[in-house]
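The values are calculated or read from the model by the stated rules, or taken from the named source; none is laboratory data. Quick caveat, the model's predicted, so the values are computed rather than measured. Reconstructed Cβ throughout: ideal geometry from the backbone, glycine too, with neighbour counts over all protein chains shown. The area values use the complete protein model at the heavy-atom level, side chains included, leaving out ligands, DNA and RNA. Shrake-Rupley method; radii C 1.70, N 1.55, O 1.52, S 1.80 Å.
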Amino acid sequence: VITLSVEAGLVVHDATEGIWVYWNRFEDYAPGDEVEVQGSIGPGMFAPVVNATSVRKLGIAPLPKPLPVTFKQLSSGDFDAQYVTLTGSIRSVGKRENSGRSKHLIVRIDSGNGTLMATLPGDADEPLDHMLDGTVRITATAMSSKNDNRQLIAPILAISSLQNIVLLRPPSAELWST
């Protein structure tokens, strides 16, 4: 089942875990699509990947149960391409236009043990201002930025939609009074 569909490819999960799939027709697929992938395994930039030669949609399937993680666990790289959930506070939100076709919202999240970035599709136009400095639970696909030496630089959460951000505790109404 697909948990992430972005310009560079897909993240697909089987019964055990997820893997990055290079596929150029990402717009044909969405999270929850059950697919059959054929291709070859490659080393990837950090973890193994699939270089797909075909992706066939079989139907719709439930997403995998997200694994609760901490910033430290995400920073290890052990959860790369896995479907995870993290609790933290949104510190800032901004837009970024990529050199490709896509636009993204960039969300900076303080998890208590570290700060990481999350991305949302650029068409997610509902403002997140009401969540700033509140406590949220984010369900997303764990990704990471890597360098040319195949080393993990920083964890990233790839959030597929705004429905994957749940406000657990709103920000203090008197934030500036203290």
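A few points about this structure:
- Residue in segment 155-178 that is surrounded by the most Cβ atoms within 10 Å (Cβ to Cβ), counting only those that are polar (S, T, N, Q) and under 19 Å from G94 (Cα atoms): S160
- Any hit, segment 119-127, residues being closer than 14 Å to A154 by Cβ and modelled with pLDDT of 70 or more: yes
- Search result, residues across segment 97-111 that are open to solvent by 30 Å² or more (accessible area, probe 1.4 Å), at pLDDT below 90 and either outside any loop (DSSP other than H, G, I, E, B) or among the aliphatic types (A, V, I, L, M) (or both): E97, K103, H104, I106
- Residues in segment 2-11 include none that are acidic (D, E), open to solvent by 30 Å² or more (accessible area, probe 1.4 Å) and assigned to a strand (DSSP E or B).
- Applying the criterion of being assigned to a strand (DSSP E or B) and farther than 28 Å from D33 by Cα to the residues of segment 117-140, the residue that is least open to solvent (accessible area, probe 1.4 Å) is T135.
- Residue selected from segment 141-154 under the condition touching a Phe, Trp or Tyr at 6+ places or on another chain (Cβ under 7 Å) and not in a loop (DSSP other than H, G, I, E, B), by the criterion surrounded by the most Cβ atoms within 10 Å (Cβ to Cβ): T141
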